[in-house]
Amino acid sequence: MTEHNEKRMMCMDCAYWLVNLPTQRCPECGRWFDPADPSTYQQASKKVGWRRLASSLSSRQCVIFAVLSLYGIVNASGPAQWEAGSICMVAFVGVPLWLGILLLYVVRTAATWLDRERAKLDDSERSGRWRWWVVPICAVLVVSSWIYPWPLLLRFRLSQTAFEAAVADYQMGATFRGKWVGLYYVKNAHPITYTGPGGRTTVGFVTGSNVLDPVGFEYDPLPNHPTGFMIYEVGKSWYTFED
Ligand SMILES: [Zn+2]
């Protein structure tokens, strides 16, 4: 190792200058390096290729991913899967950003695995382990909500007792104009009439709107509730509806 070479060493993870150090560890982030192995640090004038990718995502990327995931899950807990006002933001910013971070996570995980296999780094003291878990946990929660509407069912189950009390109030003549029922904000409640065979009148609690119509939860104690696109039975005698 020449003095000239040492002056050019920078930490692979955080680009801290690795100069005159008592140990082979970055004082900033704790990453191990070996002055004799140029692939364990970066040089100011030289790229080190894929090894640059061998680290977890930044805290900021993890937080962005978690926030986007939470946003998706909260949307999936409404009676319509995607409600008005969220569509444009989600389609043009949220989804590309979410997928981009997911892809970066996959690439970094693969690079880190290769890095460990090849260099056999002693990284047991490396910090930031939580950053390896945020993305996969959030991704599983979001993707599973596309397959099975668990956020909707969970949030409704937690609100069902309140909705049953709301039906009793409604039948006693109470009006609903902007009122929390359980974990949902009810804008209004109104009768819904079905004609033809199996005709009936039920009560609908409007909690939001999709692009076209108000959406919410409908109470129908009769059997054979009319079916339709994106109508979920969220509890006994309770269904999502769209006006
Ligand atoms: Zn560092």
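The values are calculated or read from the model by the stated rules, or taken from the named source; none is laboratory data. Quick caveat: nothing in here was measured; it's all calculated off a predicted structure. Reconstructed Cβ throughout: ideal geometry from the backbone, glycine too, with neighbour counts over all protein chains shown. Areas reflect the complete protein model, heavy atoms only, side chains present, ligands, DNA and RNA absent. Shrake-Rupley method; radii C 1.70, N 1.55, O 1.52, S 1.80 Å.
Given a 1.4 Å probe and the protein chains all in place, what does the accessible area of Arg131 round to, in Å² to the nearest 10? Rounded to the nearest 10, that gives 60 Å². Here each label is just a point 7 Å from Cα along the line to Cβ, and for Ile137 and Leu104 those points are 2.0 nm apart. Entry comment: accessible area of the chain is 58 Å² per residue, from protein heavy atoms only and a probe of 1.4 Å. FRET efficiency for the pair Thr227 and Phe92, taken as 1/(1 + (r/R0)^6) with r the Cβ-Cβ distance and R0 = 25 Å, rounds to 0.15.
Using 0.36 nm per residue and subtracting the Cα-Cα separation, the extra length available between His190 and Val211 on full extension is 5.5 nm.
What percentage of all Cα-Cα pairs in the chain are separated by more than 24 Å? Within the chain, distances greater than 24 Å cover 60 percent of Cα pairs.
FRET efficiency for the Trp130 to Leu21 pair, using the beta carbon distance and R₀ = 22 Å, is estimated at 0.25. Counting only whole DSSP H helices of the chain, the ones at least 27 Å long by C-alpha along their axis and with mean Kyte-Doolittle hydropathy no lower than -0.5 are 95-119, 150-171. For the chain, the carbon plus sulfur part of the accessible surface works out to 62%, probe radius 1.4 Å.
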